[in-house]
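The values are calculated or read from the model by the stated rules, or taken from the named source; none is laboratory data. Just so it is clear, the structure is predicted and the values come from calculations on it, not from any experiment. A quick note on method: Cβ atoms are made from the backbone with ideal geometry, for glycine too, and the neighbour counts reach across all protein chains shown. Please note that ligands, DNA and RNA were not included when accessible areas were found on the heavy atoms of the full protein model with its side chains. Shrake-Rupley method; radii C 1.70, N 1.55, O 1.52, S 1.80 Å.
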Amino acid sequence: MIAGPLAPNSRSSVPAGLPVTLPRTRITYIGGPTALVEAGGLRLLTDPTFDPAGSEYPTAEYTLRKTQGPALGVDELGEIDAVLLSHDHHFDNLDVSGRAMLTTARRVITTPAGAERLGRNAIGLEPWKSIELRAANGERLRVTSTPARHGPPGGDRGPVTGFVLQSDDENAAAIYITGDTVWYEGVAEVTRRFDIGAVLLFAGAARVRVAGPTPVTFDARDAVELAHALPDTVIAPVHYEGWEHFSEGRAEMERAFREAGLASRLRWLPRGEARELERGGHD
């Protein structure tokens, strides 16, 4: 069941140190930008990428090359209540197999432009607009579209959206899924509007020649800025491996957080295994 759009959210006051975000939330990292999020009685999938390693995706401007396959196949997912799709127009966020599985999900939540292209079960949300998903057990989950800028000023590869997930428990914090973005005022505003307990951070400092030398996704330096803006939040990087155009990986992220005194804030998700995250605290 779905209802919306809903009124904008105001930041809640959840004491630091509480268990994370959404009650009974599990995250299974599948690879690249793809993770299964089980929350509020619902099963949500981020940016589906299920093609095998070695796949290539030529475009008029560049060729993307996949170096790592998924930890789980589409046939191992089970039922998906909603796909949270940051954008549909780049193969490293929606590859061939990922696109084919969209119609098996109950709905796809993405940008308005993406929903228009995809049709069928796709729903487009403008930034700050929300919809409510209701599970069979009566639990509710609010999904809010958040701003994202997929590259530097003048080199935006968008449109792209992120997502904030909130349960109907007013004492619970939220999960923020950044989508492909860099650190900029739109992301900073997300940190001010919501009490966020955990972040799924699309990282990797992706670079494509057509956008110039500046990364089009979070690099380690930007991730440290995000961590400073959210002092009670754990950061779980995804989308930092598995593609040739990533210029940074786990080592660069760990070094930057260690040098900033924030190493305890990072949570590395094992591929293919469900994990629960605990709300972070001040370093």
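Candidates 231, 200, 214 compared by Cα position along the dipole of region 194-239: farthest toward the positive end lies 214, with charges placed on Cβ. When Rg and the Kirkwood radius Rh are both evaluated on Cα atoms of the chain, their ratio Rg/Rh stands at 0.93. Candidates 121, 59, 102 compared by Cα position along the dipole of region 54-166: farthest toward the positive end lies 121, with charges placed on Cβ.
In the context of the full set of protein chains, residues of the chain present 41 Å² of accessible surface per residue (probe radius 1.4 Å, heavy atoms only).
Using equal-weight Cα scatterers in the Debye expression, the normalised intensity of region 134-218 in log10 at q = 0.24 Å⁻¹ is -1.09. In the chain, helical runs assigned H by DSSP with n ≥ 4 each contribute -39500 (n - 2.57); averaged across all residues and rounded to the nearest 500, the mean residue ellipticity at 222 nm is -4000 deg cm²/dmol. Compactness check for region 114-181: Cα Rg over 2.2 N^0.38 Å is 1.28. Near residue 95: Cβ cut-off under 12 Å, other residues only, Lys/Arg at +1 and Asp/Glu at -1. The net charge is -2. Extension gain, residue 79 to residue 258: 0.36 nm times the residue separation minus the Cα-Cα distance gives 60.5 nm. Taking every DSSP beta bridge that has both ends in region 125-283, the antiparallel portion is near 60%.
Placing a pseudo-label 7 Å from each Cα along the Cα-to-Cβ vector at residue 104 and residue 68 gives an inter-label distance of 2.3 nm.
Relative to 2.2 N^0.38 Å, what does the C-alpha radius of gyration of region 142-283 come to as a ratio? Two decimals please. Compared with the compact-globule rule of thumb, region 142-283 sits at 1.00. Between 41, 179, 191, the Cα set farthest toward the positive side of the dipole of the chain (charges on each charged residue's Cβ, about the Cα centre) is that of 41.
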